[in-house]
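Only one structure is covered here, and it is reproduced in the block below.
The values are calculated or read from the model by the stated rules, or taken from the named source; none is laboratory data. For clarity, every value in this text was computed on a predicted model and none was experimentally measured. Cβ atoms come from the backbone with ideal geometry, glycine included; neighbour counts cover every protein chain shown.
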Amino acid sequence: MAQETARTHGLAQWVRDLLPYAGLVLLIVYFSFASDFFFNLRNFERLATDSATLILVALGMTLVILVAEIDLSVGAVVALLSVVVAQAMAAGIPWHLSVLLILCLSVLIGAFNGVITVIGQIPSFIVTLGTMAIATGAAFVFTGSISVPIADDTFLDLFYSDTVWGIPVPLLIVIIAFAGSLLQLQRTAFGRELFAIGTNIEAARLSGVAVKRNKIAVFAIMGFLVGWASVLSASRLGSGAPGSSPALTLDAIAAVIIGGASLFGGKASILRALLGALLIAVLNNGMVLLNINVDSQYIVKGLIILLAVVLERIAAREVAR
Amino acid sequence: MTESLELHAVSKRFPGVLALDGVSLRVLPGEVHAVMGENGAGKSTLMKIAAGIHTPDSGSIVLDGQSLTFRGPHDAALAGISTVFQELTVLENRDVAHNVMVGREPVRMGGLLVDRKSLYRQAQAVLDRLGIDLSAETPVASLSAGERQMIEIARACAVNPKVLILDEPTSSLGREEELVLFALIDRLRGQGTSIIYITHRMSEVFQLADRITVLRDGRRVATGPTGDFSKDSLIKAMVGRDVPERRHGVTVDNLPIALEAADLGRRGHVKNATFTLHAGEVLGVAGLMGAGRTELARLLAGIDRPDHGHMRLFGEEFAPSGVKDAAARGVAYVSEDRKQLGLLLSLTVADNIALPALRRFSGLAGLLSFTKLRAFARKWMEELSVKAKTPDTVVNTLSGGNQQKVVLAKWLSTEPRVLLLDEPTRGVDVGAKAEIHQRIRNLADSGVAVLAISSELPEILAISDRVLVMAQGRIAGIVNAEDATEESLLELAFSEMGADAA
């Protein structure tokens, strides 16, 4: 009999399990010493509101990666939708209807990605690469490459600086999205089925799981979260900018990977993805405070993603042995 | 006459099974040596050792008096042993020449460029030498299954091997193509090539082979010139082992019909299957590898769609749109491949058992009740005596037998009316096997219609009321288990149903 020992935890697995926690703590300690402006309440407040967009997208990306898919279009779609919401308000549509409009649009875009991937049996990275190009192009075409300013103060205040029970609205949206995602993944039949699909798609199918429907739903949920991310992004920038979030896709995938997800599916955690997103947000914030230029920031983040992915593979091999 | 290839006392152990136990095989120059045996007798393992894919645990490989060790298939090929495997491996979008010469393309300019002219010339020379009537420039995509098989053989022969191993080369061929292949084999034999020929088809052996070796349970039980064997004596040699205790068959005539199939078929796999499955019986399904047993079960389970024919389930039209649909109507299929198709190995026992029934546990606001879920999983773990500490134990830490019980628990928990079991005891130990057999019996006694596929004839005879035997995609016969013997089942399994088989 092939005796398989209980799950072995090798060195790489330990490093990996600790990565989001230890990484976050280490970064906070480092930036506190390296910069005079990092460790204070005002900066943390800004960090929280600024990272809301990233966290929402990372939550959605967790589901997508859990079922062994990927969505490369999110950054471009956020840019496009922030443009659309700004133009809608500029055209006189009330802010709440404008928000509703882009939420509908974003769910449609997500579902579109899902349908093409699942029904067309095309790898999602190709499908969403296409959507990304379309969204980027559309954002520039709609605006003539110029940012669309937002004049509606209600919109600007509500989704950036207003508070409910003392909690800034962006943070509140993040908390609701986080709790919802956590419950959905851990405590609903849908969530458990996603784990099954990611672990062994054929076994899931043969167990009567509606694999296609579930995957399309995952992309649509991703779309819904991307819609809210667009609202927060537009409100924070005060405009619809066609080139507003070039690093968002990279950051969201990095957050999920740092949070211990496997790109091969079946393994992902909402809590750890949140920590991963916070780690990226702290990194972004700290590097800005230290005046590290944007291009160098990319190099640092790229290295971190590679480190996380390599650790994941080594850890998987430790388990297989 | 010196033997060109000798495998001497070769043994090979895989986890949980001794696949080969001191098997020796001598192949003379210019002979066709047939290797026969039931599924799992060790034929494939033996061939893979000769082909350098597996390393033997003990024993030696001697070619022309020289002892050899192979580190991989490449070493074996260099030594002069070429193998054509059962699965075709042609490069679909290249032409014949590229397929024949793959990995050996002639080069020019110091290896920078493929020398296309010599490539086509050399490939054509190989084809001509073998008498294969094809142009080297033909695209493979336009070739028939038989022609592709020829390309495979041409590829293996391009190096002028001393020994050519053919693993069931006719399994995908029609009658005409078979004859062309036989002529080719004759030609190779005339050129002094030794051929090891693995097949399930009795008639081919008597038509082609000079000598025959029979394997059973990893041992060699007979070797001799073809003339020393008859069809009966071959079958006896392949089977000959102790028959376990038999059960007394129930008379199915009085039992209600659960599932009927009429003229059911799927191109290339299942042909004109007509049979009934009664509630309360165990219908064993026997047949050789590739006879279409799993494919038949997949049609019944809604995994694949039939091309023709229809089914009725308890008298109602039954045309499932998928597994979900079939499961909802009480038809459950337990796959033969529990690791790939049955289990979520890195998830828990509870995750696995509850998967088909998951949506039943959604309560308020769609939230699952983990208390109910665990209780449910625990109940079915106990029911099947799955040996795991808790429902939260990860499945890949369990033994093969317990994993199989988890798969069974998963489907029994849906309380099926029709249960399709595909190799329900593959890779499980003796104790778990007996438990699973008893469970199958109890299920049938409680009125479930059970269809059980097995490659082990003793198992089939031990658990079945009736046995359905498949051969080459067709139902070769349905017999009462009481009247059946391993010999009679094997004879049906080897039966060939006319020239229209392809």
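A single member of B:Gly30, B:Gly22 is small (Gly, Ala, Ser) and within 27 Å of B:Leu208 (Cβ to Cβ), and it is B:Gly30.
So that you can scan it fast, the table gives a plain yes or no per residue for (1) under 29 Å from B:Arg267 (Cα atoms); (2) out of contact with any Asp or Glu (no Cβ under 7 Å at 6 or more places or on another chain); (3) at pLDDT 90 or above; (4) within 14 Å of chain A (Cβ to nearest Cβ):
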{"site": "B:Leu398", "(1), (2), (3), (4)": "no, yes, no, yes"}
{"site": "B:Asn402", "(1), (2), (3), (4)": "no, yes, no, yes"}
{"site": "B:Val406", "(1), (2), (3), (4)": "no, yes, yes, yes"}
{"site": "B:Pro416", "(1), (2), (3), (4)": "yes, yes, yes, yes"}
{"site": "B:Gly427", "(1), (2), (3), (4)": "no, yes, no, yes"}
{"site": "B:Gly431", "(1), (2), (3), (4)": "no, yes, no, yes"}
{"site": "B:Leu457", "(1), (2), (3), (4)": "yes, no, no, no"}
{"site": "B:Ala481", "(1), (2), (3), (4)": "no, no, no, no"}
{"site": "B:Ala484", "(1), (2), (3), (4)": "no, yes, no, no"}
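Against the conditions (1) modelled with pLDDT of 85 or more; (2) not assigned by TED's automatic domain parsing to the domain that holds B:Ala434, B:Val282 satisfies every one except (2). Taking the condition surrounded by fewer than 24 Cβ atoms within 10 Å (Cβ to Cβ), more than 14 Å from chain A (Cβ to nearest Cβ), hydrophobic (A, V, I, L, M, F, W, C) and in contact with a strand residue (DSSP E or B) (Cβ under 6 Å, 6 or more places away or on another chain), does B:Phe361 pass? No. Yes or no: B:Arg247 assigned to a loop (DSSP other than H, G, I, E, B) and either at pLDDT below 90 or of a type outside the set (Ser, Thr, Tyr) (or both)? Yes; evaluated as a whole, the condition is true for this residue. B:Ser369 - would you say it is in contact with a strand residue (DSSP E or B) (Cβ under 8 Å, 6 or more places away or on another chain) and either closer than 24 Å to B:Leu300 by Cα or within 11 Å of chain A (Cβ to nearest Cβ) (or both)? No: the conditions fail for B:Ser369. Taking A:Thr53, is it at pLDDT 90 or above, of a type in the set (Val, Ile, Thr) and buried (at least 18 other Cβ atoms within 10 Å of the Cβ)? So A:Thr53 passes the test. Taking segment B:364-395 as the search range and keeping residues that are more than 30 Å from the chain's Cα centre (by Cα) and among the hydroxyl-bearing types (Ser, Thr, Tyr), which one is surrounded by the fewest Cβ atoms within 10 Å (Cβ to Cβ)? By that ranking, first place goes to B:Thr371. Only one of the listed residues (A:Val218, A:Val211, A:Val231) is touching an Asp or Glu at 6+ places or on another chain (Cβ under 8 Å) and of a type in the set (Val, Ile, Thr). That residue is A:Val218. Applying the criterion of at least 1 residues that are surrounded by 21 or more Cβ atoms within 10 Å (Cβ to Cβ) and touching a strand residue (DSSP E or B) at 6+ places or on another chain (Cβ under 6 Å) to the strands (runs of 3 or more DSSP E) found wholly in segment B:1-114 leaves B:5-14, B:17-27, B:32-36, B:58-63, B:81-84. B:Pro391 meets the conditions (1) assigned to a helix (DSSP H, G or I); (2) away from chain A (no Cβ under 12 Å); (3) within 10 Å of B:Asn352 (Cβ to Cβ) in every case but one. The failed one is (1).
So is A:Val29 exposed (fewer than 14 other Cβ atoms within 10 Å of the Cβ) and over 15 Å from the mean Cα position of the chain (by Cα) or not? Yes, satisfied. Taking B:Val159, is it assigned to a helix (DSSP H, G or I), at negative phi, surrounded by fewer than 19 Cβ atoms within 10 Å (Cβ to Cβ) and hydrophobic (A, V, I, L, M, F, W, C)? Criteria not met by B:Val159. For segment B:347-357, indicate whether the set of residues that are more than 9 Å from every other protein chain (Cβ to nearest Cβ), of a type in the set (Ser, Thr, Tyr) and over 24 Å from A:Phe195 (Cβ atoms) is non-empty. No, segment B:347-357 has no match at all. Can we say A:Phe112 is more than 21 Å from A:Phe178 (Cβ to Cβ) and either among the aromatic types (Phe, Trp, Tyr) or in contact with a His (Cβ under 6 Å, 6 or more places away or on another chain) (or both)? Yes. Determine whether segment A:142-150 contains at least one residue that is away from chain B (no Cβ under 14 Å), in contact with a Ser or Thr (Cβ under 6 Å, 6 or more places away or on another chain), in contact (Cβ under 8 Å) with a residue 60 or more places away in the chain and part of a helix (DSSP H, G or I). No, segment A:142-150 contains no residue that is away from chain B (no Cβ under 14 Å), in contact with a Ser or Thr (Cβ under 6 Å, 6 or more places away or on another chain), in contact (Cβ under 8 Å) with a residue 60 or more places away in the chain and part of a helix (DSSP H, G or I). The residues on offer are A:Ile122, A:Ile70, and the sole one that is in a loop (DSSP other than H, G, I, E, B) and either basic (Lys, Arg) or surrounded by fewer than 16 Cβ atoms within 10 Å (Cβ to Cβ) (or both) is A:Ile122.
Residues of segment B:59-70 include at least one that is under 17 Å from B:Phe14 (Cα atoms) and touching a residue at least 12 places away in the same chain (Cβ under 8 Å).
Note on segment B:282-308: residues that are touching a Pro at 6+ places or on another chain (Cβ under 8 Å) and within 13 Å of B:Leu451 (Cβ to Cβ) amount to 2. Taken over segment A:178-207, the criterion of being more than 8 Å from chain B (Cβ to nearest Cβ), among the hydrophobic types (A, V, I, L, M, F, W, C) and either over 19 Å from B:Asp304 (Cα atoms) or touching a Lys or Arg at 6+ places or on another chain (Cβ under 8 Å) (or both) is satisfied by A:Phe178, A:Ala179, A:Leu182, A:Leu185, A:Leu194, A:Ile197.
Screening B:Ile436 against (1) more than 13 Å from chain A (Cβ to nearest Cβ); (2) assigned to a loop (DSSP other than H, G, I, E, B) leaves a single unmet condition, (2). Being among the aliphatic types (A, V, I, L, M), outside the structural domain of B:Asp422 (by TED's automatic domain parsing), crowded, with 17+ Cβ neighbours inside 10 Å and not in a loop (DSSP other than H, G, I, E, B) is a condition met by no residue of segment B:303-314.
Counting only helices (runs of 4 or more DSSP H) that sit completely within segment A:158-272, those holding 1 or more residues that are more than 26 Å from B:Ala332 (Cβ to Cβ) correspond to A:169-187, A:211-237, A:248-258. Based on what the data block shows, is A:Gly114 surrounded by 24 or more Cβ atoms within 10 Å (Cβ to Cβ), out of contact with any Asp or Glu (no Cβ under 7 Å at 6 or more places or on another chain), within 27 Å of A:Ser235 (Cβ to Cβ) and more than 14 Å from chain B (Cβ to nearest Cβ)? For A:Gly114, the condition - surrounded by 24 or more Cβ atoms within 10 Å (Cβ to Cβ), out of contact with any Asp or Glu (no Cβ under 7 Å at 6 or more places or on another chain), within 27 Å of A:Ser235 (Cβ to Cβ) and more than 14 Å from chain B (Cβ to nearest Cβ) - is not met. Pairing residues of segment B:205-229 that are aromatic (Phe, Trp, Tyr) with residues that are part of a strand (DSSP E or B), at Cβ distances under 8 Å and at least 6 apart in sequence or on separate chains, gives B:Phe229/B:Ile212; B:Phe229/B:Ala222. Reported count of residues in segment B:322-354, each being touching an Asp or Glu at 6+ places or on another chain (Cβ under 8 Å), in a helix (DSSP H, G or I), of a type outside the set (Gly, Ala, Ser) and farther than 12 Å from A:Ser207 by Cα, is 2.
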